[in-house]
Amino acid sequence: MPAQILNPLFMNRKKVAVIGIGQFGEAIAKNLSHKGADVLAIDNDPKKIDRIAEDVAYAVVLDATDKKALLSQNITDFDAVVVAIGGKFEQRLLCASLLLDLKVKRVITRYQGKNQKIILEKLGITELWAPEDEVGAIVAERLLNPTVMSYLQLPDNYRIVEVLTPRGVVGKKIQEINLRDNYRLSLITIKEECPTTHNGITCMEYHVTGVPDSSYIIKETDRMVLFGTNNDIDRFIGINE
């Protein structure tokens, strides 16, 4: 697919470019597009661009280490550019450097390993992303604690975590558990199991209930989304398992 020139009519909308359409770059581009952003997907592999072309506003084949090629796509007009190039670090480094030289508003760059992070930080990149580390941390957490479905680690040892409902709280009202006083935790929401039919096949999905009432009775199939310290969350799960 040949390179396309961006239409100036899109300049008044939120726009993000994703450079490097591997597994992670493709996931980012598709999710951004689904959330309403105008996404430009860039890669030097025509097959990858053909695969994602229908899911984003623009998909172009070009060399992202070529300054003129980047300028041909009005790259400086984008609200953010994600450098998700895998493989050779030199290509990722050169691309990020060019984007900084062009004074792109916001540059988010993938890194692999401590040394790459140090180099990119010295270059002036402040938003860095290590998908392998994040996936590794989640897998390790699930192996050690199978009740944890997902989590967001926050500073100062706090996290937001989605957990399978411990047996000890099934059938109880939220007010009975008294999470704040007994466990120093806050319940953000409950995710309920709901049957959903797709193409004649019924499967179970989880949907957020919003802000649950204190009289809500917790079911065995529910998932609890909690906020608190790592130790307090582990203590709550341990006591009620």
Practice task
At a Cα cut-off below 12 Å, give the aspartates and glutamates reachable from Lys67, other chains included and same-chain residues fewer than 8 away excluded.
Solution key: Asp101
Handout entry: the chain: calculated mean residue ellipticity at 222 nm from DSSP helix runs of at least 4, using -39500 (n - 2.57)
Key = -9500 deg cm²/dmol
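Charges at C-beta only: +1 for Lys and Arg, -1 for Asp and Glu. How large is the resulting dipole of the chain about its Cα centre, in Debye rounded to 20?
On the way: 30 positive and 32 negative charges, 95 e Å.
Dipole size: approximately 460 debye.
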Handout entry: Choice from Asn74, Asn199, Asn145 with maximal GNM fluctuation in the chain (Cα, 10 Å cutoff)
Key = Asn199
Practice task
Compute the Rg to Rh ratio over segment 143-240 from the alpha carbon atoms, using the Kirkwood formula for Rh, and round to two decimal places.
Solution key: 1.00
Practice task
Take the Cα coordinates of segment 8-131, assign each an equal point scatterer, and use the Debye formula without solvent to give log10 I(q)/I(0) at q = 0.11, 0.23 Å⁻¹.
Solution key: -0.32, -1.47
Problem - Highest-MSF residue in the chain out of Cys194, Cys95, Cys203 [GNM, Cα springs under 10 Å] - result: Cys203
Practice task
Pairs to check: Lys15/Lys48; Lys14/Lys122; Lys30/Lys219. Give those whose C-alpha atoms are more than 22 Å from each other in this structure.
Solution key: Lys14/Lys122; Lys30/Lys219
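So what's segment 105-191 giving for Rg/Rh, alpha carbon basis, Kirkwood Rh from the mean inverse pair distance? Before the final figure, lay out the partial values.
Details: Rg = 18.1 Å, Rh = 16.1 Å.
Value, to two decimals: 1.13.
How high is the relative contact order of segment 93-241, in percent, with contacts defined as C-alpha pairs under 8 Å that are six or more residues apart? Let's see the in-between values first.
Details: 213 pairs, mean separation 33.2, N = 149.
Answer for segment 93-241 is 22 percent.
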Fill in the blank from the handout: Mean projected area (nm²) from the convex hull of Cα positions in the chain is 16.6 nm²
Exercise for the section: Just tell me which aspartates and glutamates come within less than 19 Å, Cα to Cα, of Lys114; anything on the same chain fewer than 8 places away is out. Expected result: Glu90, Glu127, Glu132, Asp133, Glu134
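Values in this text are rule-based calculations from the coordinates and carry no lab data. Model, not experiment: these values are computed from the prediction. As a convention, Cβ positions derive from the backbone with ideal geometry for all residues, glycine included, and neighbour counts pool all protein chains shown.
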